[in-house]
Amino acid sequence: MNLHGKTFRVLRNDGPGAEVTTDTVFHFRQEQIGGQAIVHADYRGGGVVMGKLVGVLEGEKMRHCYVQVNAKGELQRGSSTDELELTPEGKLRLIDRWQWETKVGSGVCILEEI
């Protein structure tokens, strides 16, 4: 699986305090560094003015941390574990299990390649 140059839109996000919504768009990049597949992305939309994530892709799983500024100007951060899968149409889908580190809450976010 390769996320380089892929754009994703959120299909749904469940969990208390979720700021990423169906209006949030993610733009991914991927690089091989020291034998590891390093993934990073910029995202915005919904309740997020600007967000960044960085992580490691390990086969069909990704671990990453994220930091974002919300519409209130608050800085928030958390971590996630994702499963990558292909849709019947051949698009990538991310099943993101996230947890806040700066406040209480966790949930599941589903993103699909556009």
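Every residue, every condition in (1) out of contact with any strand residue (DSSP E or B) (no Cβ under 7 Å at 6 or more places or on another chain); (2) aliphatic (A, V, I, L, M), yes or no:
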residue: N13; (1), (2): no, no
residue: E19; (1), (2): no, no
residue: H27; (1), (2): no, no
residue: I33; (1), (2): yes, yes
residue: A37; (1), (2): no, yes
residue: H40; (1), (2): no, no
residue: G46; (1), (2): yes, no
residue: G51; (1), (2): no, no
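Among the criteria (1) more than 14 Å from the chain's Cα centre (by Cα); (2) closer than 15 Å to R77 by Cα, the one G34 does not fulfil is (2). Suppose we keep only residues that are more than 12 Å from the chain's Cα centre (by Cα) and among the charged types (D, E, K, R) within segment 84-100. Which one would you say is surrounded by the fewest Cβ atoms within 10 Å (Cβ to Cβ)? Going through the qualifying residues, I end up with E89. Out of the residues in segment 62-114 that are among the basic types (K, R) and not in a strand (DSSP E or B), state the one that is nearest to M50 (Cα to Cα). So, considering only residues that are among the basic types (K, R) and not in a strand (DSSP E or B), the one nearest to M50 (Cα to Cα) is K72.
Checking each residue in segment 24-51 for being among the charged types (D, E, K, R) and more than 16 Å from L94 (Cα to Cα) picks out E31, R44.
Give the residue, chosen from V39, V56, V20, V10, that is among the aliphatic types (A, V, I, L, M), assigned to a loop (DSSP other than H, G, I, E, B) and within 14 Å of the chain's Cα centre (by Cα). Don't jump to the end; show me each part of the working.
Details: V39 fails: assigned to a loop (DSSP other than H, G, I, E, B); V56 fails: assigned to a loop (DSSP other than H, G, I, E, B); V10 fails: assigned to a loop (DSSP other than H, G, I, E, B).
Answer to the check: V20.
We did not get these values from a lab; they are worked out from the coordinates using the rules stated. Quantities reported herein were computed from a predicted structural model and do not represent experimental measurements. When we count neighbours, we look across all protein chains shown, and the Cβ atoms used for this are built from the backbone with ideal geometry, even at glycine.
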